[in-house]
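The values are calculated or read from the model by the stated rules, or taken from the named source; none is laboratory data. Keep in mind the model is a prediction, meaning the values are calculated, not measured. Neighbour counts run over all protein chains shown; Cβ positions are idealised from the backbone, glycine included.
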Amino acid sequence: MDLEVNLVTKATVLVVDDSPDNLTLLNELLKDVYKVKLANSGEKALKLAQSGKLPDLILLDIMMPVMDGYEVCRQLMDNPTTRHIPVIFLTAKVTVEDEKRGFDLGAVDYIAKPISPPIVMARVKNHLERKARADFLRDKSDFLEIEVEKRTREVSAIQDVTILAMASLAETRDSDTGNHIRRTQFYVKVLAEKLRDHPRFAATLTDRYITTLFKSAPLHDIGKVGIPDRILLKPGHFEPHEFEIMKTHTTLGRDAIEHAEQSLGMQVEFLSMAKEIALGHQEKWDGSGYPQSLSGDAIPLSARLMAIADVYDALISRRVYKDAMSHDKAVDVITQGRDRHFDPDMVDAFLALQSEFRAIAARYADSDQDMAEKKLQLDRFTGTDSPD
């Protein structure tokens, strides 16, 4: 290959030998084709090999004082920077045991002394061509790995933005603000991380599960896009028939996500979990929730985590139709719901995480502008806004 020939003719060869005559001989032999570096000891060879531009190949004498060629080769192969440099031993030690020891240390070839110039040139050329091919494949592999990682990050970022956009669209029709999405997302994350070593949950709450949970959580109320405004934006209590319609947001959300999954023609991990959360986050530990009246561990783990996050945020958040409840009072409500509304072990974890929940609520607090926009939306619905 022309590319290989070009790379080989520009290659650098490091020659290591304690004999000045041998260094002179090899320099004269190689200098017209390659760039040649010379070292008259193992210590100097290691310094040259590890500084500046790396040599492309090393011709290494074995029998040298202080540090022999075997030790030089061992240190070269132990160093990640130099381990890919091919080493050819030049030596009079040509027994089977000598050769085996050299190959075991990582050498690629042996050339016996006294050397034959044609053999040296042929062996050097062959091994440099092999190295050129190996370097090309390694560089290509590294490039492809970087590209795959880059594309994976891009796909993940697109997923995250799409999820938040879809969830925010649903929130624009509700009395909640967009910050509700972010708060509940972080609530479920810290709650899951707190429970990851609990015997009941350790097998499920892996790093991958928690990452997927965090990604999926914003879609928990996506089904609200299907609830009529006259119910969704009603500023007071629901009539029984209105509440029955409101309850369908769980199945509407599950169905919408399932439809998206079917359109893809494949199952997607975060969408599968999003379906669990959308459908099950209104279920209660004692079976009195909806839409399926599930109880206990029959309620998906992801939905049980969201239940605490969603209720806590609803309690402490100011809405256009209600004032915010204090953190302490919200904690009391959730504590009273232990064994009834919520998984008892999750309530215990929540109680241990009160400061983290409070910090998340403060970090993503609703602004006055958020609330003003929601009030305007509600006023328009109820007809109380002024045309001025």
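Worth pointing out:
- The numbered conditions (1) in contact with an Asp or Glu (Cβ under 9 Å, 6 or more places away or on another chain); (2) in a helix (DSSP H, G or I); (3) more than 17 Å from Phe214 (Cα to Cα) are all true for Val331 except (1).
- Taken over the stretch 1-45, the residue count meeting the criterion of being surrounded by fewer than 18 Cβ atoms within 10 Å (Cβ to Cβ) and either at pLDDT below 90 or not assigned by TED's automatic domain parsing to the domain that holds Asp135 (or both) is 8.
- Subset tally (residues that are within 19 Å of His127 (Cα to Cα) and in a loop (DSSP other than H, G, I, E, B)) for the stretch 63-108: 9
- The number of residues in the stretch 227-276 being over 24 Å from Leu301 (Cβ atoms), of a type in the set (Lys, Arg) and part of a helix (DSSP H, G or I) comes to 1.
- Residue list for the stretch 213-245, filter: modelled with pLDDT of 90 or more and over 15 Å from Arg182 (Cα atoms): Glu239, Pro240, His241, Glu242, Phe243, Glu244, Ile245
- Taking the criterion of being touching a Phe, Trp or Tyr at 6+ places or on another chain (Cβ under 8 Å) and either at pLDDT below 95 or among the charged types (D, E, K, R) (or both), the residues of the stretch 296-326 that qualify are Arg304, Asp313.
- All positions within the stretch 276-324 that are farther than 28 Å from His259 by Cα, free of Cβ contacts under 8 Å to residues at least 60 places away in the same chain and crowded, with 19+ Cβ neighbours inside 10 Å: Trp285, Ile316
- The residue of the stretch 335-363 that is surrounded by the fewest Cβ atoms within 10 Å (Cβ to Cβ), among those that are assigned to a helix (DSSP H, G or I) and in contact with a Leu (Cβ under 8 Å, 6 or more places away or on another chain), is Thr335.
- Among the residues of the stretch 17-62, those that are farther than 22 Å from Ala92 by Cα, part of a loop (DSSP other than H, G, I, E, B) and in contact with a helix residue (DSSP H, G or I) (Cβ under 7 Å, 6 or more places away or on another chain) comprise Val33, Pro55, Asp56.
- Top-ranked residue of the stretch 88-111 - restricted to ones that are over 46 Å from the mean Cα position of the chain (by Cα), over 13 Å from Ile58 (Cβ atoms) and among the hydrophobic types (A, V, I, L, M, F, W, C), ranked as surrounded by the most Cβ atoms within 10 Å (Cβ to Cβ): Val94
- Flag for Ile316 being in contact with an Asp or Glu (Cβ under 6 Å, 6 or more places away or on another chain), under 25 Å from Gly223 (Cβ atoms) and among the β-branched types (Val, Ile, Thr): no
- Residue satisfying all of: in the stretch 188-207; basic (Lys, Arg) and in contact (Cβ under 8 Å) with a residue 24 or more places away in the chain; nearest to Phe350 (Cα to Cα) among these: Lys194
- The set of residues from the stretch 46-61 being buried (at least 23 other Cβ atoms within 10 Å of the Cβ) and more than 18 Å from Asp135 (Cα to Cα) comprises Leu59, Leu60, Asp61.
- The single condition among (1) surrounded by fewer than 10 Cβ atoms within 10 Å (Cβ to Cβ); (2) in a helix (DSSP H, G or I) that Pro114 does not satisfy is (2).
- Looking across the stretch 199-226 at every residue that is among the small types (Gly, Ala, Ser) and not in a loop (DSSP other than H, G, I, E, B), the one that is farthest from Ala303 (Cα to Cα) is identified as Gly226.
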